[in-house]
Structures are given as structure tokens and as C-alpha cells.
Amino acid sequence: SQNKKLTKNSTVKTILILASNPKNTSQLRLDEEVREIDAGLQRAKKRELFDLKQRWSVRFQDVHQALLDFIPHIVHFSGHGSGDDGLILEDEDGDLQLVNTEAIANLFDLFSDTIECAVLNACYSEVQASAIAKYIPYVIGMNQAIDDKAAIKFATGFYNAIGAGESVEFAYKLGCNVIQLDGIPEHLIPVLKKI
């Protein structure tokens, strides 16, 4: 049905949210982040141009299956990062599983014909963002730890701008500014990588 939707109205963009918070990691407010993204898109003047899909408690196999199922234009990862060690997903038991940077980058390479932007809203995810940016036009990662409130503020500003029809670069700048306007000193943590 997604292929039919894209054929019928090629301007509809699918945003895929992948959320992971393994039980043996610190609890994040991922539900609040996703709720704010969804609410912002629902209010957006161009809301009919976006289709929001979600996958929770993702394991690596869930990531590639969701990419196959939804053919997203924007992929948003919400969860934990571990710098050079990789992104943190879940294993079969819901415990932490590190997925290395090269594997993630290679996966995005396979879907580079359709993915326009990836947002890695996870601590220390700049390493993965740099690797993915070899294949995807716009990738946002975090250059250090970012707390829940700042991560949520960034996502809210970013998707409010996307929903208004603004460019990824403008949306990135607005996301950073929303953090700054809230008085949170973490507005320099999100970094935009471009091909």
C-alpha cells in the first residue's frame, strides 16, 4: 500500500521513527519525544504530505524490516548511542546490543535511493552520522551526551519546520534554536552532516 500511496501522490514523505531503550540502559522519555513529533506534524500546515510510521524496542533485524516495509524518506532513531562502539539497539531479550557503525552505514547505503535524511537523536552518535552521510544527503547526529529535554526540544523544532515545508538545513537550525530558546546550553550538540 505504501508503494501505491507514493505512486498516487509522489509528494507524500514517510517518516520512520525507530525507538530503542533496552531494559538494562537508563530510561529515556522516548514516548514523549515521539508524541511531540506526531503532534507537531498533526498541526503542520502541510500535514497531508507526511506519513509517520513507528517501530519500538527495535532490534537490528527490525530496522531493515521497517526500511523494507515503509520505504521511508526520513529515518529518525531515538535512543542511546555509544560513540565509536555504535548505536544501542535491543537483543531478543530486550537487553542492550551494540550495532557497529560500519554495519549501520552499509544498511543505509542499501536504501540510499529513497532515504533523504537520517536523524540520530542519541548521545555520541556523530560517529555514525559521519559514516551514514557518505550515502544519505542529510544526517544529524549528536557530538556528545544530550539530555532528554534537549533531545525532545530538538526533535520538536526539527519536525515542526519539516511539517511546514522547510528544508532539512532550516529544520536543523530551528531545532538547535529551540534548544537555545529554552535556555538549555546544549544547542551546539546536534551536528548536520551533508554529502
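The values are calculated or read from the model by the stated rules, or taken from the named source; none is laboratory data. The shown structure was predicted, so the numbers you read here are calculated from the model rather than taken from an experiment. Note that we place each Cβ from the backbone using ideal geometry, even for glycine, and neighbour counts take in every protein chain shown. Remember, those area values only see protein heavy atoms, side chains included, never the ligands or the DNA or RNA. Shrake-Rupley method; radii C 1.70, N 1.55, O 1.52, S 1.80 Å.
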Can you tell me which residue is least open to solvent (accessible area, probe 1.4 Å) among those in the stretch 105-116 that are among the aliphatic types (A, V, I, L, M) and either farther than 13 Å from F60 by Cα or modelled with pLDDT under 95 (or both)? I115
Being open to solvent by 10 Å² or more (accessible area, probe 1.4 Å), part of a loop (DSSP other than H, G, I, E, B) and within 22 Å of D148 (Cβ to Cβ) is the filter here; which residues of the stretch 52-104 pass it? W56, S57, S82, G94, D95
Residues located in the stretch 1-32, provided they are of a type outside the set (G, A, S) and modelled with pLDDT of 80 or more: T11, V12, K13, T14, I15, L16, I17, L18, N21, K23
Here is a list: V127, V139, V119. Which entry is open to solvent by less than 20 Å² (accessible area, probe 1.4 Å), closer than 13 Å to G81 by Cα and modelled with pLDDT of 95 or more? V119
In this structure, is E48 assigned to a helix (DSSP H, G or I), at pLDDT below 90, under 22 Å from T156 (Cα atoms) and open to solvent by less than 20 Å² (accessible area, probe 1.4 Å)? no
The number of residues in the stretch 170-195 that are out of contact with any strand residue (DSSP E or B) (no Cβ under 7 Å at 6 or more places or on another chain) and either part of a helix (DSSP H, G or I) or over 26 Å from G83 (Cβ atoms) (or both) is 10
